[in-house]
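Below you'll find the structure, written out as structure tokens, and then a few comments.
The values are calculated or read from the model by the stated rules, or taken from the named source; none is laboratory data. Every value quoted in this text rests on a predicted model; they were computed, and no experiment measured them. Cβ atoms come from the backbone with ideal geometry, glycine included; neighbour counts cover every protein chain shown. Areas reflect the complete protein model, heavy atoms only, side chains present, ligands, DNA and RNA absent. Shrake-Rupley method; radii C 1.70, N 1.55, O 1.52, S 1.80 Å.
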Amino acid sequence: MHRYSNHMKLSRILLLLLAALAHTQVSAAEKPNIIVVMADDLGYGDLSCYGADSFKTPHIDRLAAEGIRFTSGYCSASTCTPTRYSFLTGNYAFRKKGTGIAPPNSPAIIQPGTETIASLLRSVGYKTAVIGKWHLGLGGPKGPDWNNELKPGPLEIGFDFCHLLPTTNDRVPQVYVRNHRVLNLDPKDPLWVGNKSPGPEHWTGKSHRHLLKMDWTHGHNATIHNGISRIGFYTGGLSARFRDEDLADKWVDQSVDFMTKNKDRPFFLFFSSHDIHVPRIPHERFRGATTLGYRGDCIIQLDWCVGELMKALDRLKIAEKTMIVFCSDNGPVMDDGYKDDALEKLGGHRAGGPFSGGKYSVFEGGTRTPFITRWKGRIKPGVSDEVVCTIDLPTSFAKLTGARLKNDACVDSLDVMGALLGRKGAKGRDHLVQQDNGRGNNYGFRVGNWKLQRHDSKRTRNLVVEQKLANRPVDQYQLFDLAADPGETRNVIGANPQVAKRLQARLQKILDDGRSR
Ligand code: NG6
Ligand code: CA
């Protein structure tokens, strides 16, 4: 009896200890609202807080002044689909086939059951939404069934709500997808989307080029909508179609609505802007806002959107309960298929800042992009040189909010929350793999200030973004010292064979291991 009660006492104490431990873990978790603003094709040098001096971006500058501006903030790929895939899943896109730039009729790329930043946050009580560009496919293996339920999609991988541009706006169709349906679709006028012309009478950017309000330079010459020809063909769904000019307003309206409805509970909003992707068609009120043409004007439109989100946070009195991450999905590009004078009106503006390359390339300009965090009253404003990447957001936010992260999920997503919050002495990544669209099998590998480039395709792309695409043959491996040469102009592999060997082996190991967390 005596021994029994001693045993009871001991287990009671143990239980109490466990409960206390669990309690400290729970109370250690913080659940701010989280807004990730992802710009499209915005380069390192495209904001005045990052050195642009041909125009001003006052709202994003204010975000940076009230938070941390990262000088080594990255997205994980130099095109859209792989970066977005990695941001949501925490897995490098090169590990999975079919994660390159998605075509108009792409099926859902992220399968239900995959852990995502949204499912993780939802598991700890967040209301989750994606508003804006999706470009990760919709529907089962046969692709989207545009006139019926569009499933699977965001709602099957952790989002409670979505209001989407299904692909990217230079691709068909120009309709919104709200949750599982094309919005405002009249069943009597079904939407058809395909990659072949429906017939010789169908007007295209080739057959009716003289009617276009913005001409194309390469590709983008199929179905015409709103005076602009696109990639891919479609017919019908006229009542569902939007004007390019109104996208930014729509994202803001929908987002403010979502924030207002959920102001009293933690929410996660993925604000996925289409600015400044082609076709760059700013709203009429932003035209001429810069001397750079529509590419510059779209930056001002993006800046306005960020300002509206911040105003809404202030109005709802939740700015101090909300952490914002501002980032981009890949580096800059000038001519991406339309004659919008981006290059002609560029002047002295350097879209990639001090870096070479841009969209499609593994030079720093392809993935080193604006990256800002703000949490009023919690983050001490400043500038950070720590290496952080959009792929790190799932794990970092899981750790912050106490979401349980399975070992086999988010396998390349590291906890860099300390760096994102600017905690003293907190480190970012010690290495990062950068990829292009995936098809060319080109990698960048940053370790400290060393940068290894591996070109399995034996060609570089988009070397100088301020000029036309410059392709040239290269050695498979090149090594650069980013501290001395941020523009990656001097290959120092000959003088540093041991460093190169070490980095080559480490990169290969990351590719072979199937995970890096
Ligand atoms: C390319 C398109 C380019 C753009 C890009 C996707 C051509 C010739 N080029 O294939 O215009 O749409 O895909 O951009 O069609 S991204 O930012 O969404 O990855
Ligand atoms: Ca993009």
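Remarks
- Inter-residue pairs, beta-carbon under 7 Å, first charged (D, E, K, R) and in the range 480-492, second part of a loop (DSSP other than H, G, I, E, B), 6+ apart: Asp481/Asn449; Asp481/Val492; Glu488/Ser356; Glu488/Phe363
- Scanning the range 78-135 for residues that are within 16 Å of ligand 2 (Cβ to nearest atom), of a type in the set (D, E, K, R) and open to solvent by 20 Å² or more (accessible area, probe 1.4 Å) yields a count of 0.
- Subset of the range 331-351 [within 20 Å of Thr79 (Cβ to Cβ) and among the small types (Gly, Ala, Ser)]: Gly331, Gly337, Ala342, Ala351
- From the list Glu115, Glu149, Glu66, the one residue that fits, being in contact with a Pro (Cβ under 7 Å, 6 or more places away or on another chain) and of a type in the set (D, E, K, R), is Glu66.
- Any hit, the range 268-284, residues being part of a helix (DSSP H, G or I), open to solvent by 20 Å² or more (accessible area, probe 1.4 Å) and over 30 Å from Trp450 (Cβ atoms): yes
- Scanning the range 325-376 for residues that are basic (Lys, Arg), buried (at least 24 other Cβ atoms within 10 Å of the Cβ) and either part of a strand (DSSP E or B) or more than 16 Å from ligand 1 (Cβ to nearest atom) (or both) turns up Arg368, Arg374.
- Considering the range 285-307, and only residues there that are farther than 29 Å from Ala118 by Cβ and free of Cβ contacts under 8 Å to residues at least 24 places away in the same chain, the residue that is surrounded by the most Cβ atoms within 10 Å (Cβ to Cβ) turns out to be Asp297.
- Between Ala222, Ala248, the distinction of being buried (at least 21 other Cβ atoms within 10 Å of the Cβ), within 16 Å of ligand 1 (Cβ to nearest atom) and among the small types (Gly, Ala, Ser) belongs to Ala222 only.
- Residues in the range 204-213 that are outside any helix (DSSP H, G or I) and either basic (Lys, Arg) or within 13 Å of ligand 1 (Cβ to nearest atom) (or both): Gly205, Lys206, Lys213.
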